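Written out below as structure tokens is the structure these notes cover.
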Amino acid sequence: MNTTTATAAMARTKGPIVWLNMDQQELDDAYDQAVYAPNRDQLGKRRLANSAAARARLGEPLRFAYGPTPIEGLDVYRTPASEGGKSGSAPVEIFIHGGAWRNGRACEFTYLAEPFVHAGAHFVVLDFTNVDDAGGSLLPMAEQVRRAVGWVYRNAEKFGGDRNRLYLVSHSSGSHLGGCVVTHDWAKDGLPLDILKGATLSSGM
């Protein structure tokens with residue numbers, strides 16, 4: 001908490017405690033990035049600019065649908081390392097973006113693809129619904145990202161990926177969804193329990 005926020009908090013009369021030692025305002029502020037990260041909008045603009053620059057260098061991704069609704073799609077940035085080689089030879093990194101469960105699209109995270117693509121891995125970014133469009137429920141979001149990962153496993157050869165070398169990385173609210181993916185019972189979907197060979201869930205809850 002910065003000095004300005006701390007001063008404002010001390011000046012405010014604390015309301016009834018609703019959870020732990022927090023009143024409703026403090027609890028709401030804990031989920032409002034603008035309160036504890038006043039440069040949030042600046043960082044968002046930087047992310048968009050960096051992603052546009054990365055697409056200019058990498059080219060537009062392949063786009064695949066993993067489900068029937070318009071949002072159920074994913075972007076694939078292919079590594080040149082797999083071109084002209086054996087089909088399915090490159091590992092695949094799958095990214096689940098954050099955005100407070102409310103915002104974010106795959107095209108905003110192209111800048112993350114470059115290190116993986118240059119290191120010899122395909123980079124897949126998922127699109128999925130948001131909590132507002134899902135009527136306040138996180139369950140459709142978790143279900144969509146699980147189906148997307150399952151689609152990548154079943155269809156990796158379409159973009160030269162190795163289904164036996166799938167990895168997951170995520171950020172913020174995407175790491176909550178990533179947690180739902182890595183703890184899923186894949187056998188229920190007729191898939192191997194070790195569908196993912198590794199995962200890095202960063203800055204989650």
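The values are calculated or read from the model by the stated rules, or taken from the named source; none is laboratory data. Model, not experiment: these values are computed from the prediction. Cβ sites come from the backbone with ideal geometry, for glycine too, and all protein chains shown count toward neighbours.
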query: Is it the case that some residue within segment 30-46 is of a type outside the set (A, V, I, L, M), part of a loop (DSSP other than H, G, I, E, B) and at pLDDT 95 or above?
result: no
statement: Per the filter on segment 111-125, residues touching a residue at least 40 places away in the same chain (Cβ under 8 Å), over 15 Å from Ser51 (Cα atoms) and not in a loop (DSSP other than H, G, I, E, B) are His122
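Here is a yes/no grid of residues against (1) without any contact (Cβ under 8 Å) to a residue 12 or more places away in the chain; (2) within 22 Å of Ala81 (Cα to Cα); (3) not in a helix (DSSP H, G or I):
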site: Phe128; (1), (2), (3): no, no, yes
site: Gly135; (1), (2), (3): yes, no, yes
site: Arg163; (1), (2), (3): no, yes, yes
site: Leu166; (1), (2), (3): no, yes, yes
site: Lys188; (1), (2), (3): yes, no, no
message: Pull out all pairs, ordered by first then second residue, where Cβ-Cβ is under 8 Å, the residues are six or more apart or on different chains, the first lies in segment 41-57 and is of a type in the set (Ser, Thr, Tyr) and surrounded by 11 or more Cβ atoms within 10 Å (Cβ to Cβ), and the second is in a helix (DSSP H, G or I) and modelled with pLDDT of 95 or more.
response: Ser51/Cys107; Ser51/Glu108; Ser51/Phe109; Ser51/Thr110; Ser51/Tyr111
field: Single condition Met141 does not satisfy, out of (1) surrounded by fewer than 18 Cβ atoms within 10 Å (Cβ to Cβ); (2) touching a Leu at 6+ places or on another chain (Cβ under 8 Å); (3) without any contact (Cβ under 8 Å) to a residue 60 or more places away in the chain; (4) not charged (D, E, K, R)
entry: (1)
